[in-house]
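The next block holds one structure in the form of structure tokens; read it before the comments.
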Amino acid sequence: MQTAVKIPENLKLTYEDYLLLPEGMRYEIIEGELFMTPSSRTIHQRLILRIARLIEDFVKEKGLGEVFIAPYDVILSKHDIVKPDIIFISKQRSGIITELNVQGSPDLAVEILSPSNKEIDLILKKKLYAAFGVKEYWVVDPANKYVKLFNLGKTGYMEAKTGNILKSFVLKGLEVDISGIFENVIKH
């Protein structure tokens, strides 16, 4: 279960505070508020690996940039430090990649929903990613076997109709069979 730690209203946590947190949990700070998440479940891990491979293979073949997976800090602002499950950063924007983390918005962020993070990913992070200019945001729901693709427009994110094939706008030419993503992910 994801937990938010309440901080007095006049105090917003920063990246410096974040660095002082003990290791062992997955922490994120959104609008100065601390969120802690336990390790992801097996299905979550399988989906991260599967989707990251699809994106990485395409990006590598086309020489488009770099793909990273969580846990990897993305510093959006002094009060916004997140760990998207998968990110893509274009070659043109590679200057935001440092030895420790990413200092700015990725071109693409992918979040895989878990019971503990569903509201955070669908509401808070969606709003945050749009505000900081993440061009494309995928939300993967293993429970309902769907992927929602959001593209950044002038007024925020617009959901793209995916059907059975997800077509990325950021990674032009990448087409993903959504049913294939979920195939054999749940094993009994």
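Counting Lys and Arg as +1 and Asp and Glu as -1 over every other residue whose Cβ lies under 11 Å from the Cβ of F68, the net charge comes to -3. Just V170, V67, V134 to compare: in a GNM of the chain, with alpha carbon springs under 10 Å, which one fluctuates most? Maximum among the listed residues: V170.
Under the rule of -39500 (n - 2.57) per DSSP H run of 4 or more residues, summed and divided by the residues of the chain, what mean residue ellipticity at 222 nm is obtained, to the nearest 500 deg cm²/dmol? Intermediate values should be presented prior to the final figure.
On the way: 4 runs with 37 residues, N = 188.
Calculated mean residue ellipticity at 222 nm is -5500 deg cm²/dmol.
Which loop-located GluC sites (Glu not before Pro) does segment 66-153 contain, where loop means any DSSP state but H, G, I, E or B and the Cβ has at most 14 other Cβ atoms within 10 Å? For GluC sites (Glu not before Pro) across segment 66-153 that sit outside H, G, I, E and B with at most 14 neighbouring Cβ atoms in 10 Å, the list reads E99.
Helix 42-62 and the long axis of the chain differ in direction by around 70°, with both axes built from C-alpha atoms. Note on the chain: GNM, Cα springs under 10 Å; of P22, P106, P71, the largest mean-square fluctuation is that of P22. Which residue fluctuates the most in the chain, going by a Gaussian network model with Cα springs under 10 Å, if the choices are Q103, Q92, Q45? Taking springs between Cα atoms under 10 Å, the residue moving most is Q92.
Sorted fewest first by neighbouring Cβ atoms within 10 angstrom, Y129, Y157 come out as Y157, Y129. Annotation for segment 11-47: GluC sites (Glu not before Pro) lying in DSSP loop with at most 10 further Cβ atoms inside 10 Å of their Cβ are E23. Relative contact order, whole percent, for the chain stands at 16, derived from Cα pairs under 8 Å and 6 or more residues apart.
The calculated FRET efficiency for the pair K91 and K167, based on their C-beta separation and a Förster distance of 30 Å, comes to about 0.90. The Cα center of segment 146-160 and the Cα center of segment 105-136 differ in position by 11 Å. Computed from phi, the 3J(HN,Hα) profile of segment 174-185 under the Karplus parametrisation 6.51, -1.76, 1.60 (θ = phi - 60°) reads 7, 10, 10, 6, 4, 4, x, 4, 8, 4, 6, 7 Hz, with x in place of Gly and Pro. Bridging of K78 to lysines at a Cα separation below 22 Å is possible for K6, K12, K125, K126, K127, K135, once same-chain residues fewer than 8 apart are set aside. Summing Cβ point charges (Lys, Arg +1; Asp, Glu -1) relative to the Cα centre of the chain gives a dipole of roughly 520 debye.
Modelled spin-label separation between E61 and N184, with each label point placed 7 Å from Cα along the Cα-to-Cβ direction: 2.0 nm. Among the trypsin sites (Lys or Arg not before Pro) in segment 108-188, those located in a DSSP loop and surrounded by at most 16 other Cβ atoms within 10 Å of their own Cβ are K145, K154, K161, K172, K187.
Bear in mind these aren't lab numbers, they're just calculated from the coordinates by the rules spelled out. Model, not experiment: these values are computed from the prediction. All Cβ positions, even for glycine, are placed from backbone atoms using ideal geometry, and neighbour counts span all protein chains on display.
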